[in-house]
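The values are calculated or read from the model by the stated rules, or taken from the named source; none is laboratory data. The model shown is predicted, which means the values in this text are computed figures rather than measured ones. Here the Cβ is made from the backbone with ideal geometry for all residues, glycine too, and neighbour counts use every protein chain on show.
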Amino acid sequence: MARAISGKVVVVTGASSGVGRAIARAFGAEGAKVGLIARGREGLAHAAAEIARAGGEALPLALDVADAGAVERAADEVAARYGRIDVWVNDAMVSVFSPAWEMRPEEYRRVTEVNYLGTVHGTLAALRHMRRRDEGTIIQIGSALVYRSIPLQSAYCASKAAIRGFTDSLRSELLHDRSRVRLVMLQLPAVNTPQFDVVRTRLPRRPQPVPPIYQPEVIARAAVHAARHPARELWIAVSAIKAIVGQRLVPGFADRYLARHGFDAQQTDEPEPPNRPDNVDAPLPGDRGAHGRFDRRSRRFSLELWMRMHPLAALASAALATAGARAGWRVLRA
């Protein structure tokens, strides 16, 4: 049975921009009360205003998810305001685009602290409240890169893989205890977010998501669906599915393919401006919203996600297509 969203209490990390911003807005449009966690105050303020206009209620909380104590206090503040936490979405991230041999130890540390430990901190804070009620859903925002790493993003890929390891371990523990707290992991394709203008980069040309690119609202629909219908994992879009399955079947071929194509695929033809500021260590001023600069190249629909969200319709469509093909074959044979 689908779980209602209206009136639920949802916390989203990384809520000031990109995927987190779109997810927070989507839950707000469903009538949820949304705790917004991010470092950038301007982005948080605009996100809260969007949620209010959509009919939801928002509590912006400016903090760094690398600070475990701050995350715990934020969870307590949300629970004190609204009485509980029903859904927690871990989305906060930073990244560095660079060959591994040019990376600095402190950059690996920082990406790990935000992406991996930030997810751990958020999950533990959510569990502290959810286990008391024996109810709740934690959604981890993953990526196809959880399974298949790509060049030039070694720190990001490693942090995402660590999230999957942590989540799988915790899921078994919750099952052992017969807990009703659910863990869901969304494995994303490339998404049109502002991160490519704020990441740290040592590439000669401007970073871009590896096509095909999807709009963040596609991911937001998946997150709301996961809150309604918690499942172990949700692979979004055929590109993510191909990367994950390809890694399982032919990892050596994937290594060589990415060695040939993975560098250019992550860069546009535009030169990267020198000394551009980034958000790795501190937030940048301003509000960047949910979308990046790739709107004209981005898809607003994922057939694979639609099929997951509408399984009966998908089965009916497949049956009709099969029946039509058989009828056509009979005509050709006649």
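Cβ contacts < 8 Å: first residue under 13 Å from Val87 (Cβ atoms), restricted to the range 126-138; second residue among the β-branched types (Val, Ile, Thr) and assigned to a helix (DSSP H, G or I), any location; separation 6+ or different chain. Result?
So the pair list comes out as Ile138/Thr123.
I'd like to verify a number: residues in the range 222-243 that are more than 30 Å from Lys8 (Cβ to Cβ) and in contact (Cβ under 8 Å) with a residue 40 or more places away in the chain, how many?
Adding up the residues that qualify gives 3.
Looking at the range 62-85, is at least one residue touching a Lys or Arg at 6+ places or on another chain (Cβ under 7 Å), under 17 Å from Ile138 (Cα atoms) and not hydrophobic (A, V, I, L, M, F, W, C)?
yes
Run Leu61 past the list (1) touching a helix residue (DSSP H, G or I) at 6+ places or on another chain (Cβ under 8 Å); (2) under 30 Å from Arg202 (Cβ atoms) and report the number of the one that doesn't hold.
Among (1) touching a helix residue (DSSP H, G or I) at 6+ places or on another chain (Cβ under 8 Å); (2) under 30 Å from Arg202 (Cβ atoms), the lone unmet condition for Leu61 is (2).
Scan the range 90-109 for residues that are surrounded by fewer than 20 Cβ atoms within 10 Å (Cβ to Cβ) and charged (D, E, K, R) and jot them down.
Glu102, Arg104, Glu106, Glu107, Arg109
What are the residues in the range 64-83 that are surrounded by 15 or more Cβ atoms within 10 Å (Cβ to Cβ), over 13 Å from Val9 (Cα atoms) and more than 22 Å from the chain's Cα centre (by Cα), if any?
Once the filter is applied, which keeps residues that are surrounded by 15 or more Cβ atoms within 10 Å (Cβ to Cβ), over 13 Å from Val9 (Cα atoms) and more than 22 Å from the chain's Cα centre (by Cα), the range 64-83 yields nothing.
May I ask you to say which residue of Thr119, Thr112 is surrounded by fewer than 19 Cβ atoms within 10 Å (Cβ to Cβ), polar (S, T, N, Q) and modelled with pLDDT of 95 or more?
Criteria check complete, one pass: Thr112.
Tally the residues that are of a type in the set (Asp, Glu) and buried (at least 24 other Cβ atoms within 10 Å of the Cβ), restricting the search to the range 184-210.
First pass over the range 184-210, keeping only residues of a type in the set (Asp, Glu): 197.
From what's left, buried (at least 24 other Cβ atoms within 10 Å of the Cβ): none.
Adding up the residues that qualify gives 0.
With the requirement that a residue be over 14 Å from Thr137 (Cα atoms) and in contact with a strand residue (DSSP E or B) (Cβ under 6 Å, 6 or more places away or on another chain), what does the range 172-198 give you?
Those that are over 14 Å from Thr137 (Cα atoms) and in contact with a strand residue (DSSP E or B) (Cβ under 6 Å, 6 or more places away or on another chain): Gln187, Pro189, Ala190, Val191, Asn192, Phe196.
What number of residues in the range 252-304 are of a type in the set (S, T, N, Q), surrounded by fewer than 17 Cβ atoms within 10 Å (Cβ to Cβ) and assigned to a loop (DSSP other than H, G, I, E, B)?
Going through the range 252-304 one residue at a time, the tally reaches 1.
Of the residues Arg25, Arg21, which is under 16 Å from Gly286 (Cα atoms) and in contact (Cβ under 8 Å) with a residue 24 or more places away in the chain?
Going through Arg25, Arg21 in turn, the sole match is Arg21.
Out of (1) more than 19 Å from Ala243 (Cα to Cα); (2) within 13 Å of the chain's Cα centre (by Cα), the odd one out for Asn192 is which?
Here Asn192 clears every test but (1).
Scan the range 184-201 and report the pairs whose first residue is polar (S, T, N, Q) and whose second residue is in a helix (DSSP H, G or I) and buried (at least 24 other Cβ atoms within 10 Å of the Cβ), with Cβ atoms within less than 8 Å and a gap of 6+ or a chain change.
Close Cβ pairs satisfying both conditions: Gln187/Ala144; Gln187/Val146; Gln187/Ala240; Asn192/Pro216; Thr193/Gly18; Thr193/Val19; Thr193/Pro216; Gln195/Gly18.
Confirm whether Ser149 is modelled with pLDDT of 95 or more, crowded, with 18+ Cβ neighbours inside 10 Å, out of contact with any Lys or Arg (no Cβ under 7 Å at 6 or more places or on another chain) and not β-branched (Val, Ile, Thr).
yes
Kindly indicate the residue of the range 25-42 that is of a type in the set (Gly, Ala, Ser) and not in a loop (DSSP other than H, G, I, E, B) and also surrounded by the fewest Cβ atoms within 10 Å (Cβ to Cβ) among those meeting that condition. Before you say what the answer is, go through the steps one by one.
Step one: of the range 25-42, the residues of a type in the set (Gly, Ala, Ser) are 26, 28-29, 31-32, 35, 38, 40.
Among the residues that remain, those that are also not in a loop (DSSP other than H, G, I, E, B) are: 26, 28-29, 35, 38.
Details: Ala26: 28, Gly28: 26, Ala29: 17, Gly35: 27, Ala38: 27.
For the range 25-42, the residue satisfying everything is Ala29.
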